[in-house]
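Here is the structure we will look at.
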Amino acid sequence: ALIRSPAATRPWQHVLEPLSGYLWLGANLLQAPAREGLQLHGESFNFGPPAEVNATVGELAEALVRHWPGFSLSISPAAADEKKEATLLKLCCDKALAHLAWKATLPFAETVRFTAEWYRRLRETPKDMYAFSAGQIADYTEKAREQKAAWTD
C-alpha cells in the first residue's frame, strides 16, 4: 500500500467504537422522555477517541505492520502532491461524554490490533468471518464492561 501523507494525523478508531455510541444514543432516545432535562432528539453527536489520541498515518502504518506479518507499506512522495488534504483531523466528542457518558473503549494499540487481525483474517481465511467478528464484538464488549462503560449497565 502506498502512503501519501505519513505526517497527517487522524482520529483512528475501530468501527465498534462509533457503533457502540450510536446504539447507546438510540437507547437513550428511547428513554429520553423519562429523563429530566435531557434533550437528545435532533441533536448530533461525534463518537471517537479522546482528543489526545490522534496518531499519524505513519504511526498507524508502523503499528499495522507489527500486527500483520507480511503487510508492507511504502511512502510515495509524488502521491502527496496529487491531492490536497488536511494534515490534522480531530473529532470533538465532548457532547457524547457530557450527555451520554460515552467514551471510547479501545486505546490506539488495541484499535490497530483489532483492525489488523480482522483484515488479516478476511484475506487469509475468510470463510468463518461471522464467528471471528462475533468474537471481536464479545472481546470489545468485555473490555468496555471492565472499564464500566455507561452502555454496559
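The values are calculated or read from the model by the stated rules, or taken from the named source; none is laboratory data. In this text, all values refer to a predicted model and were calculated from it rather than measured experimentally. We work out accessible area using only protein heavy atoms, side chains counted, and drop any ligands, DNA or RNA first. Shrake-Rupley method; radii C 1.70, N 1.55, O 1.52, S 1.80 Å.
Using a probe of 1.4 angstrom, how much of the accessible area of the chain is carbon and sulfur, in percent? It would help to have the intermediate numbers written out before the result.
On the way: 5620 of 9640 Å².
Roughly 58 percent, rounded to a whole number.
Return the whole-Å distance between the Cα centroid of region 38-61 and the Cα centroid of region 115-153.
Using only Cα atoms, the two centres lie 20 Å from each other.
Top mean-square fluctuation among 70, 42, 26, Gaussian network model of the chain, C-alpha springs under 10 Å?
It is 42.
Using every Cα-Cα pair within the chain, state what percent have a distance larger than 21 Å.
The share of Cα pairs beyond 21 Å in the chain comes to 55 percent.
Quick query: amide H of residue 3 versus all other amide H atoms, modeled in the peptide plane; which residues come in under 5 Å with a sequence gap of 5 or more or a different chain?
74, 75, 76
Just to confirm, what accessible area per residue do you get for the chain at 1.4 Å probe, in whole Å²? Don't skip to the answer; put the middle values down first.
Details: 9640 Å² over 153 residues.
I get 63 Å² per residue for this part.
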